[in-house]
Amino acid sequence: MNLGPLSRLTQRGVNQQDVVITHEDVDRAHDRVRVSAARAQRGPFSKFRLLWLLVGPGILVMLGENDGPSMISYAATGARFGIGFFLPFVVLTFCMAIVVQEMTMRLGSATHRGHAELIFDRFGPFWGWFSMIDLGIGNFLTLITEFIAIRAGLGFFGVPPWAAVGSALVFLCLAVAMHRYWTWERTLLAIAVFNLIFVPVALLTHPNWHSVGHAFITWKPLPGLSQDTLIIILADIGATVTPWMLFFQQSATVDKGLTTKDIHLGRIDTVLGAALAATAAVATIIATAPLFVHHMTAENFQGAEFAQALQPLIGRFGAALFALGIVEAGMVASVTISISSAYAFGEVVHRPHSLNLPVAQGKAFYSVLFLLAATAGAIVLIPGLPLVYVVLLVNVVAVLAMPPALVFLFMLANDREVMGDLVSPLWANFLATCVVVFLTLAGVLFGVSVIAPNLFAFLGGK
Amino acid sequence: MPSKDKGHSSITSTDQELVLSSLEPEQLAGLKKHLIPRRHLKGPERFVIWSLRIYLLFMIVVVFYQVWASLH
């Protein structure tokens, strides 16, 4: 029986008087009409058309996480350890990210609720606020590092810090000024793909492909176990799996309007994003590996210093591409992380939170987004701030905050009352448990290295 | 009939029809004010969550110590 829309609402137990139609709904409905039309089409390109319409949150979250501090971590990895263990290790971390992010996409498609909203509703405000505090602190610290990266990257071209921060804020305003999720997503996707600029930089270093292949197959040469190695390992994990990604992808999935019918293509979106981001990450390690070969110390390098150090090896053009890559990484992530915070804020205080909102209806959403970014940008301008260490530590803190965040995600994805038949299958639960255990153990090992360095040295065979 | 929110006067009845026919009820922004029923955590779940919370707080102290030690 073909029920009319109002009858369908009544059948679902919704009082028609409760239904308030907003501009946000109208914009999302237009997007869904195009998806439905593409799904109804037959022909060789219909599947690609549907995929094109549905990709976005997965690619954006993965390329967004290839942010300023992440690219600097990968660059530091290549400069400290060269080509070896870390190439396959970074790919493994992206596999972990796929396991985790698939759950958020499934949750968003099934419940049409953001992650913060679900935690508050389902587990109550006590645990909800804990999660929000973790997210708020993590996002703010990460935002600071994005501005550090932008400042460092533009510094290579002689742009003064105030102008670098100012241009990043202007970019943020322009990115959200369209007041339309679809337009914002497509624009940011086009810019985010620029993350692959690290691939030509890697090619300019004329890498030894035999060594690259050998590293992927054997995971060797292995780095020695030391506290420095551990910090790089944690920084590389934190460069791939962080709490803001959970909140962002689920909220973006809801804002885009994905439904349970779209889950399969949502998975492809997530895997595609991980593949692109892993390619850029591996390319960055390969690009800075010559610094390791030439025994150049890179302990206190920011983005611009890596570019300057690479200049004698790959020329001014290659170095400029590297610096631009760092700027792009910081710019895109400053947008996605600010939006992740604003989404979570709106969900928790039950204020409108969508990129489809006109400014008049989304004052709180846009204010949080801009104020967070502006404050983080202003902090970067404080003279004498120890910026270098902050960058690596932010990724370490992200890894430490991940297990508590993952447990809530795990419980929600297995909550039959919320998810129905879309609860996580056994294999997904096994993989998610492995990720939680792995992240927790990595954190514990870091703790041991700080508190009991002798025991750690013993574990490392020294 | 569903109502239009204040400030949404430009929404036409065609728009309303489009929204109601193409979005699932739970996707409507206005209906998100309805809370999802609360779930009470079981003993083992509380144990895991509290353990990880204590782990996080402890590790943050470790990180601060590491920063302090590095700066000195």
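Computed from the coordinates by the stated procedures, all read-outs in this text should not be read as laboratory data. Note that this is a predicted model, so its numbers are computed, not measured. Glycine gets a Cβ as well: all are built from the backbone with ideal geometry, and neighbour counts include every protein chain shown.
The string of couplings for the stretch A:330-342 from the Karplus curve (6.51, -1.76, 1.60, θ = phi - 60°) is x, 5, 5, 5, 4, 6, 5, 6, 4, 5, 4, 5, 5 Hz, one whole number per residue in order, with x for Gly and Pro.
If you plug the beta carbon distance of B:His72 and A:Asn414 into 1/(1 + (r/R0)^6) with R0 = 56 Å, you get a FRET efficiency near 0.75.
Relative to the Cα centre, what is the charge dipole magnitude of chain A, using +1 at the beta carbon of each Lys and Arg, -1 at the beta carbon of each Asp and Glu, and rounding to the nearest 20 debye?
Charge dipole, chain A, about its Cα centre: 860 debye, nearest 20.
Near A:Asp67, no amide H atom lies under 5 Å from its own; only residues 5 or more places off or on other chains count, and H is placed 1.01 Å from N. For A:Asn356, the residues whose modelled amide H falls within less than 5 Å of its own, excluding neighbours fewer than 5 places apart on the same chain, are A:Tyr181.
Rounded to whole numbers, the Karplus 3J(HN,Hα) couplings from phi for the stretch A:446-456 are 4, x, 4, 5, 8, 7, 10, x, 5, 4, 5 Hz, using 6.51 cos²θ - 1.76 cosθ + 1.60 with θ = phi - 60°, and x at Gly and Pro. Look at the Cα gyration tensor of the stretch A:190-249: its axes a ≥ b ≥ c give a/c of at least 1.5 with a/b at or below b/c, and that counts as oblate.
The alpha-carbon of A:Lys256 sits under 15 angstrom from the alpha-carbons of these aspartates and glutamates, leaving out residues fewer than 8 places away in its chain: A:Glu24, A:Asp25, A:Asp27, A:Asp31, A:Glu185, A:Asp269, B:Glu24, B:Glu26. The HN-Hα couplings worked out from phi for the stretch A:395-403 by the Karplus form 6.51 cos²θ - 1.76 cosθ + 1.60 (θ = phi - 60°) are 5, 5, 4, 4, 5, 5, 7, 5, x Hz, whole numbers, x standing for Gly and Pro. Computed over the stretch A:90-147, the alpha-carbon pair-distance distribution with 5 angstrom bins reads 4, 16, 15, 18, 26, 15, 5, 1, each value a whole percent. In Å³ and rounded to a whole number, note down the convex hull volume per residue for the Cα atoms of the stretch A:104-215. Convex hull volume per residue, Cα atoms: 194 Å³. What you get for the stretch A:91-175, charging only the Cβ of Lys and Arg (+1) and of Asp and Glu (-1), is a dipole of about 60 debye around the Cα centre. Considering only alpha-carbon pairs that sit under 8 angstrom and 6 or more positions apart, the relative contact order computed for the stretch A:55-459 is 37 percent.
Between 0 and 90 degrees, rounded to the nearest ten: what's the tilt of helix A:263-293 against the longest Cα principal axis of chain A? Result, in degrees: 10. Helix A:125-155 and the longest principal axis of the C-alpha atoms of chain A enclose an angle of approximately 50°.
Relative to its Kirkwood radius, the Cα radius of gyration of the protein assembly as shown gives an Rg/Rh of 0.98.
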